[in-house]
1. Filter segment B:253-284 down to the residues that are within 14 Å of another protein chain (Cβ to nearest Cβ) and under 42 Å from the mean Cα position of the chain (by Cα), then identify the one that is surrounded by the most Cβ atoms within 10 Å (Cβ to Cβ).
2. Given the criteria in contact with a strand residue (DSSP E or B) (Cβ under 7 Å, 6 or more places away or on another chain), among the hydrophobic types (A, V, I, L, M, F, W, C) and either over 21 Å from B:Gly283 (Cβ atoms) or touching a residue at least 24 places away in the same chain (Cβ under 8 Å) (or both), does A:Ile130 qualify?
3. Take B:Glu120 and tell me if it is more than 19 Å from B:Pro317 (Cβ to Cβ) and more than 28 Å from the chain's Cα centre (by Cα).
4. Consider segment B:321-362. How many of its residues are among the basic types (Lys, Arg) and either open to solvent by less than 70 Å² (accessible area, probe 1.4 Å) or touching a Lys or Arg at 6+ places or on another chain (Cβ under 9 Å) (or both)?
5. Restricted to segment A:4-28, and to residues that are away from chain B (no Cβ under 14 Å) and open to solvent by less than 20 Å² (accessible area, probe 1.4 Å), which residue is farthest from A:Arg223 (Cα to Cα)?
6. Among the listed residues B:Glu288, B:Glu220, identify the single one that is within 14 Å of another protein chain (Cβ to nearest Cβ), over 27 Å from A:Leu169 (Cβ atoms) and not β-branched (Val, Ile, Thr).
7. Only one of these conditions is not met by B:Asn175: (1) open to solvent by less than 70 Å² (accessible area, probe 1.4 Å); (2) in a helix (DSSP H, G or I). Which number is it?
8. Sort out for me the helices (runs of 4 or more DSSP H) sitting completely within segment B:1-96 that have 2 or more residues that are within 30 Å of B:Val246 (Cα to Cα) and open to solvent by 20 Å² or more (accessible area, probe 1.4 Å).
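The values are calculated or read from the model by the stated rules, or taken from the named source; none is laboratory data. No experiment lies behind these values; they were computed from the predicted model shown. Every residue, glycine as well, gets a Cβ built from its backbone with ideal geometry; the counts of neighbours run over all protein chains shown. Remember, those area values only see protein heavy atoms, side chains included, never the ligands or the DNA or RNA. Shrake-Rupley method; radii C 1.70, N 1.55, O 1.52, S 1.80 Å.
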Amino acid sequence: MTDERPMIEIHGLKKVFHTGEVEVHALRGVDLSVAKGEFVAVSGPSGSGKSTLFHILGGLTPPTSGSVSIAGRDLLSMTEAERTELRKNGVGFVFQKYNLLPTLTATENIEIARDIAGHHGPRSAQFEEIVKLLGIGGRMDHKPRALSGGEQQRVAIARAIVNDPALLLADEPTGNLDSENSEAVLKILRDLNERLGQTILMITHDAEAASFAHRIVRMKDGRIVN
Amino acid sequence: MVWENLKHRPVRTFLSAIFIGISVTLILTMVGLSRGVLDDVRERARGSGADIVIRPPNSTVLAFSGNMPHGEKIVDLVRQRPHVTVATGVLIESIGNFQSITGINLDEFNAMSGGFHYLEGGPFQRPDDLMVDESYADSKNLHAGSSLDLGNGQVWHICAVVEPGKLSQLIAQRNRLQDLYSATGEVSVIYVKVDQKTNVPSVLDDLMNLLDGYPIYTIEQLANMISVDNISLVKGFTRVVIGIAVVVGFLVVLLTMYTAVLERTREIGILKALGASPGYILGILMRESILLAVCGSIAGIVMTYGSQFLVHKFAPPFLRQAIVPDWWPYASGISMIGAVLGAIYPGLKAARQDAIEALSYD
């Protein structure tokens, strides 16, 4: 399950936001290491900095200081264009609100991720297996408004992994789902981790959801507390 | 995705396409009117059957009015020149609204042109007789026997409705028109027919020597001069309309795309999270704008047929709108330029959006 070189390696990571003349210290020196193939849950109260960590790891915002690398790629020195490149192929996102494009069908939502990454050939057999695993094979021609929350989140997972990212980032993936769908989505994430060795970092409030991970990391006031 | 985005807001897409279409229609109607009117003038000049045209000094291509004070004497002089078989003077008087009435000597004109084709009625019988062509009669609902007040101090009696394409839409007897406008002995244009086409150049030279300072052309030279390129006023109008069309296209697309970008803030955030570059996002909006412009151009071309119908139905009878397919690509290209310009600002705004802020937008 684990590899010698960590998938995520973070040392003394700080992030400061400037709101007018006020400085907001969202991360105050985070140290974290996640091995390749590991499934880690990050939990903590609101304002603990877990979303900021998610955004930095996803290349959506640059860190202020410290070091952070994903699969050996240093995020601190990355330009905006390099972070965009990281999002194309290096990381996949699953959001609480699914974030599917409403004008596109499930298939098109997945295809656009491939298109952005510059993959235009046929999808891999492995991906077709994942679609089966996700149980959305019969719903692929529907637009998000015709899909249930659980189905939308499965499509979002399929979209997140279609380009074989090194890291799958999930931000409260069960936050909008009922308990039955929550469990189904969490099982899917665990399956992806176990069957494909997909490294997953999941942000969650929910202790039950966190229990699906190999390891739970708790955050408070911009630091990891255990 | 581009088409799906446009389909997602069908009313807005439809209205935007129609507004872009209006600018396309504006261009095509302007060009069509210029060409329609000039083609008509050219056709009527050729319909005279003349080989050579003599016009008053200082007259312009389209301005036939302005008379030769001793025109009839000049006609007599021209008639005596070698190889001239027929020479006839016509008097053209403006009746306002860019329209004119033409006075002819029917016998001379028949000898030159082969005569009118009467659809209703027949030749002049009374001094107040007026022939109208079919398009004028249609637009004013006139028939042989109808009366027509042109506001020039004479209520005319329609003696005939004739086939269009000869000189003018309104044709009276020259001497009656000369009396009415105190222009005894005057003519506006002299039409000359030559015995053989091969003699036209020599007769032209002869007449130019005879009538120094008078613009004298072969009918083909005149027809070639009656084109948009040679009439600076029409060229100027066309350029102004093209400018307006670019601005309209620009504003419509700017507004549409700006609204679309605001509305799709979250979707742009999603695309950015998926790794879409600013160029990719700009490209989507550009393609949407171009697709809108294509739809608008098609709508504009179709609407041109509507404007042609309206011009025929409600505009003054001398106005004719031609359908100008050779201008369709230009008009579409112009709307495309407006659309692309209009998409630049919203596109850049979208491309520069912060992904995290965009994703938290509801």
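1. Among them, the one singled out is B:Ala260.
2. no
3. When the stated conditions are applied, B:Glu120 does not pass them.
4. Adding up the residues that qualify gives 1.
5. Among residues in segment A:4-28 that are away from chain B (no Cβ under 14 Å) and open to solvent by less than 20 Å² (accessible area, probe 1.4 Å), the one farthest from A:Arg223 (Cα to Cα) is A:Met7.
6. Only one candidate qualifies: B:Glu288.
7. Of the numbered conditions (1) open to solvent by less than 70 Å² (accessible area, probe 1.4 Å); (2) in a helix (DSSP H, G or I), the odd one out for B:Asn175 is (1).
8. It comes to B:2-8, B:10-47.
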